[in-house]
């Protein structure tokens, strides 16, 4: 399998799960002190991850937890983000200017800052109140924060049992899912490498996956045109431009908004002959109980789409680490 | 001028402004009773309007005001929407199923419901706690709610002066803007009627305008492919697929997020030769003070894009009242 190192991947996921003690101490301290708002802040891909975790919590937790776009916060401000608020972010090096500015602004507003900074030597790492430093696995880190918050708030009594399962089985489950998806990824890449526009549709925690996959992967890395569309909004515009050969890929997860994706799944084949359904249910995740699958089905989607990326890079002879304009021209 | 009735338009806007007494009584009652969350709820175009008003308030008001997507609320739920909450929506006939379901759910949660229902005979009109019935002008109605809330909360002392100006000058200003934009609209429609994909970019209160223009107008009404992109997110993906001839239209408003649009405006011509900037600043709005223009610049954008729509309908010989699939097939 190209671009895949099983041992490295297992280690990366298990290493993130091993941060739990550290994350628990921080979340427990934040919870004990109390907050009037906890904002996951990001831009681009980290904004998508913020949306995922905020959406996951909205239906399950009464805690005031929100997603905040860094660029919007920096320009528009947020009057509800103040001295009793908490800002949570994830960054590799802290060099994304909108996020760096958002931190400064939130600090000035008196908020506590909880940062996942991959590189502990990044200057940003010294500016946070709470720091966790470990590379990659941003979506899993955010999920761990969310589940602990809900546990503390009496909304997730299954916390210990859930993490017993995740600690024992998640890394293996995701690695097996990625291996199982390789043939699919190759066929998909071959079929869609020349697409003029590809529509990606998803809802719930899959919306962040849909949004970031279209934008951060197809547009930014593959230089292919894509449009992410929320499955709940599909019937309010997009459907009218779908024709027989229009490429549409639907992400189906196992969270509360799955019915919105299913509505599209049931309708789409009537008007489109070039659709793909990627359903996290098709991946086994051995050892993970049904009631916890919704919390991690966006992680399944990530490893499945990683197989498309690996093959698309080869098919199009387009190395994905190259940027045409981003960070090559100033803005 | 095709598809334009000056007197009708003046009357429509002034009629909406004349709802102020009614809106004030309702908002004042809601404010007096207090709320732990006020949610503008919508789907498709009404979701876009909800985003606009929530974004406008975020930077200016400490009130807990949010936008909520009806389809997401119905499936995912919202634990923070309860007996002390208020739901505000706008609907023509109340036949949009996601919105109707959201109301039922919010009522069950004990929330108070404030509905703008164009048709007072719609069954939905009987289900609300507070009803205002008047056709069209949804964005203006929501703005009136927002400004009154901010006034009550001590965040908009200029309220009376602002509405003196709007009452006296807004309708005329928007009508003159629409007339001034007609030649532009015709030229734009001729230039872009065959576009394979058109990118619309905007931020702040223009984000809702951008989102709904791409989706509810280009996709749904013109059956033309479009992708809305938030100006704050432009540099995190989209820019890599912009080439010399890629059609990109940037909406510039006069609200707090204008700098995000200006960043795109300054960058785009370096990589694209097929761009259009629509700037609300280019429209006079005589009698409206600079400090109030940001509150209404999304209304300016709406009348400018209305000119594109009128001409595009003729250019493409595609009557915009036809739907290919929406409400013609069940889903």
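Throughout, read-outs are computed from the coordinates displayed, never taken from laboratory work. Source: prediction; values computed, not measured. Positions of Cβ are backbone-derived with ideal geometry, glycine not excepted, and every protein chain shown enters the neighbour counts.
Take each residue of peptide B:57-67, count the partner chain Cβ atoms within 10 Å of its Cβ, and average: the result is 4. As a calculated quantity, the FRET efficiency between residue B:266 and residue A:36 at R0 = 41 Å, using C-beta atoms, amounts to about 0.65.
Our note on the geometry: Cα centres of segment B:21-94 and segment A:21-65, 22 Å apart. Label separation (residue A:184 vs residue B:164): 6.5 nm, computed from points 7 Å beyond Cα along the C-beta direction.
Taking the number of Cβ atoms within 10 Å of each Cβ as an exposure proxy, the fewest-first ranking of A:302, A:25, B:317, A:80 is B:317, A:25, A:302, A:80. Computed from Cα positions, the angle between helix B:45-58 and the longest principal axis of chain B comes to roughly 80 degrees. Averaging over every viewing direction, what projected area does the convex hull of the Cα atoms of the protein assembly as shown cover, in nm²? Average projection, Cα convex hull of the protein assembly as shown: 26.7 nm².
The base-10 log of I(q)/I(0) for segment B:172-331, evaluated at q = 0.13, 0.14 Å⁻¹, reads -0.60, -0.70 [Debye formula, identical scatterers on Cα atoms, solvent excluded]. Put in order of Cβ neighbour count within 10 Å, fewest first, the listed residues B:36, A:194 become A:194, B:36.
Under 20 Å from the 7 Å Cα→Cβ point of residue A:79, by amide nitrogen: which residues of segment A:101-119? In segment A:101-119, the label zone of residue A:79 (backbone N under 20 Å from the point 7 Å along Cα→Cβ) covers A:105-111. Seen through its C-alpha gyration tensor, with square-root eigenvalues sorted a ≥ b ≥ c, segment B:168-234 comes out oblate because a/c lies at 1.5 or above while a/b is not bigger than b/c. Here residue B:22 and residue B:281 are evaluated by their C-beta separation; at R0 = 30 Å the FRET efficiency comes out at 0.40.
Rounded to the nearest 500, what is the 222 nm mean residue ellipticity of the protein assembly as shown from helices alone, with -39500 (n - 2.57) per DSSP H run of 4+ residues and division by all residues? List each step's numbers first, then the result.
On the way: 22 runs with 302 residues, N = 662.
So the calculated ellipticity at 222 nm is -14500 deg cm²/dmol.
Axis of helix B:290-315 versus longest Cα principal axis of chain B: the two differ by about 60°, to the nearest ten degrees. With the simple spin-label model, which puts each label point 7 Å out from Cα in the Cβ direction, the residue A:195 to residue B:4 separation comes to 4.0 nm. Label-to-label distance for residue A:153 and residue A:108 is 2.9 nm, based on points extended 7 Å past Cα in the beta-carbon direction. Computed from Cα positions, the angle between helix A:159-180 and the longest principal axis of chain A comes to roughly 30 degrees. Given R0 = 51 Å, the distance between the Cβ atoms of residue A:323 and residue B:316 translates into a calculated FRET efficiency of 0.90.
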